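The structure appears below as structure tokens.
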């Protein structure tokens, strides 16, 4: 029983990370119908920048409380990633706004490769150790162990989603975003500048990615230039699973994917009598994705929108 | 136009004949001298070039020593020359370098450094009938391809895994042992041999889990392992995966000992695992190490190496030195530098090297190759003992 609860907890933490990253994918898709493949690499840049900041703090003021170090590192990583995202949007996506949909998809992949290569040059190709900034002694919750940093992931993911929902449904920027999502031309006629809204969306997503990058690097104590790629792919899967373009769907998809993966890795060996090992955990995740897409092509919570097939 | 062409070719012919005449004359004057080419391959460029250079220096020192020793084979004085090639630790470049050495008609090859380059190159040497001694390739496959020309002077991963398996049961008193590997050729191989070693020593493997060499989240497989209450966890893979894995074991309060092969046995693991490294919690092994009377021999060799080559022994240069010596020893025994004739002598050689006694089993692996067992204490790697 303890094992099952622990596996569910593992899945919840992993799923929260996926959800946090999936929010960025789904927000951009909701407005532009563009899959921003560079999103995972923006996350990696966030982790790397925060690591550099931590290194500087250690050199200049090593007695700074660790929690404060974490806050400072994140506070630097977020605006850096926002600026990078704004630049990416301006250089790689905006000139292609009215071209066929495949063109920006290809530039997105190009940007992803460029970011990875730059990071490899700047921060070296070797895995870098990310320090523990929170106490490492785990809490026990209902028979499952949860480290403080994992609890932080759960809290931050929940807060981010709630904040994002509030922003989109209650604020002026949110209303403008919804308007641009529905029809950029009409929104423009109503006095909304779609380019500015789109840039804002990218920056918002990048800010979330930077936070996710810090959390992921701290959770696994490792940061490397390739860390964003697979994570981005999984988060994209989560976004599709939940219904891309839908914020609640991104969170639901992320959590579902995380839990399926954890249970898959934990039990696949016993279930198949050792025929399939735990390295086949992705089979479960993608099998579920296929089944969901067969019965609900627009994802779990995706709406069927006629003009956007 | 035409005339000049004809003239040129006549001139060329004349030149050639006179050159041939001189060559015959020279050969006639000194019939008792012969030059023997020995090849060496290692990565002289790229990220592990420092190891390749170290190997090359070992070969150079051996060749210099041999030429000083005034060796006569089949009544002729033999001068050895070293032809050194670069494989950049890249399998493609490795096979190209191997072909170059075969074309240059070397009588034997010392190398390569990595298993990844040694294995594909070994087919080329085997086809050409040229003996190859690797100083450092540890993948068991190298000598298991059925080639008669493949030899190595280090213990392979199979020995390493087996020794660690027995150590887990006999010394660490592991009652229930869990095994994880990263599904790479190396990780899987060393983990399989570890399991065999555990079972041979009467121990029990209670769980076998898998990950990849790019994974960072091991919480699920570790939770599954925790349910089986292991006292030893073995990981076949590299330090960049093993470090975070150790930390996650702490997060799940798994207090088992942690073991691994040379992939995790690095200085980098100290940073990667940090506090989770513990004291005498992590045990790992590396091929190599000398015991008893050879300790002094090795120390003397290191001193002489530094004096002659102007650099410290980095890792495998003593193995390269011995590999060259063993090869030439078998040429002396066969009284021939012809690969066909000295190869059978190499297969049954008994030689006292710097690294210890060298003899090969029927596959070409060194008999009784040594391993050094390490643990980590107070954030430092410590050699525990050398195992034969």
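Remarks
- Within the stretch B:170-186, the set of residues being in contact with a strand residue (DSSP E or B) (Cβ under 6 Å, 6 or more places away or on another chain) and away from chain A (no Cβ under 14 Å) comprises B:172, B:174, B:176, B:177.
- Selection within the stretch A:137-152 - over 21 Å from the mean Cα position of the chain (by Cα), within 13 Å of chain B (Cβ to nearest Cβ) and surrounded by fewer than 16 Cβ atoms within 10 Å (Cβ to Cβ): A:137, A:139, A:140, A:143
- Members of the stretch B:187-215 that are at the interface with chain A (Cβ under 10 Å from one of its Cβ atoms), part of a loop (DSSP other than H, G, I, E, B) and surrounded by fewer than 24 Cβ atoms within 10 Å (Cβ to Cβ): B:212, B:214, B:215
- Residue in the stretch B:116-125 that is assigned by TED's automatic domain parsing to the domain that holds residue B:40, buried (at least 22 other Cβ atoms within 10 Å of the Cβ), part of a loop (DSSP other than H, G, I, E, B) and touching a strand residue (DSSP E or B) at 6+ places or on another chain (Cβ under 8 Å) present: no
A quick yes/no check of all residues on (1) within 14 Å of chain B (Cβ to nearest Cβ); (2) touching a helix residue (DSSP H, G or I) at 6+ places or on another chain (Cβ under 8 Å):
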{"position": "A:12", "(1), (2)": "yes, yes"}
{"position": "A:15", "(1), (2)": "yes, yes"}
{"position": "A:24", "(1), (2)": "no, yes"}
{"position": "A:43", "(1), (2)": "yes, yes"}
{"position": "A:60", "(1), (2)": "no, no"}
{"position": "A:70", "(1), (2)": "no, yes"}
{"position": "A:78", "(1), (2)": "no, yes"}
{"position": "A:85", "(1), (2)": "no, yes"}
{"position": "A:93", "(1), (2)": "no, yes"}
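- Filtered by the rule that a residue be within 22 Å of the chain's Cα centre (by Cα) and touching a residue at least 60 places away in the same chain (Cβ under 8 Å), the stretch A:95-116 gives A:104, A:105, A:108, A:109, A:111, A:112, A:115, A:116.
- Subset of the stretch A:153-192 [closer than 23 Å to residue A:65 by Cα and surrounded by fewer than 19 Cβ atoms within 10 Å (Cβ to Cβ)]: A:154, A:155
- Under the condition of being farther than 25 Å from residue B:226 by Cα, within 14 Å of chain A (Cβ to nearest Cβ) and in contact (Cβ under 8 Å) with a residue 60 or more places away in the chain, the residues counted in the stretch B:267-305 number 1.
- Residues (assigned to a loop (DSSP other than H, G, I, E, B), under 18 Å from the mean Cα position of the chain (by Cα) and touching a residue at least 12 places away in the same chain (Cβ under 8 Å)) located in the stretch B:332-361: B:353, B:354, B:355, B:356
- Of all residues making up the stretch B:216-234, the number that are more than 7 Å from every other protein chain (Cβ to nearest Cβ) and part of a loop (DSSP other than H, G, I, E, B): 5
- Matching residues, the stretch B:155-169, being buried (at least 24 other Cβ atoms within 10 Å of the Cβ) and in contact with a strand residue (DSSP E or B) (Cβ under 6 Å, 6 or more places away or on another chain): B:155, B:160, B:164, B:168
- Of all residues in the stretch A:246-281, those that are outside any helix (DSSP H, G or I) and surrounded by 18 or more Cβ atoms within 10 Å (Cβ to Cβ) total 2.
- Test for residue B:291: is it part of a helix (DSSP H, G or I) and within 20 Å of the chain's Cα centre (by Cα): no
- Residue in the stretch A:50-62 that is surrounded by 24 or more Cβ atoms within 10 Å (Cβ to Cβ), in contact (Cβ under 8 Å) with a residue 12 or more places away in the chain and closer than 26 Å to residue A:162 by Cβ present: yes
- Within the stretch B:50-62, tally of residues that are modelled with pLDDT of 95 or more and surrounded by fewer than 19 Cβ atoms within 10 Å (Cβ to Cβ): 0
The values are calculated or read from the model by the stated rules, or taken from the named source; none is laboratory data. In this text, all values refer to a predicted model and were calculated from it rather than measured experimentally. So basically every Cβ, Gly included, is an ideal-geometry build from the backbone, and we count neighbours across all protein chains shown.
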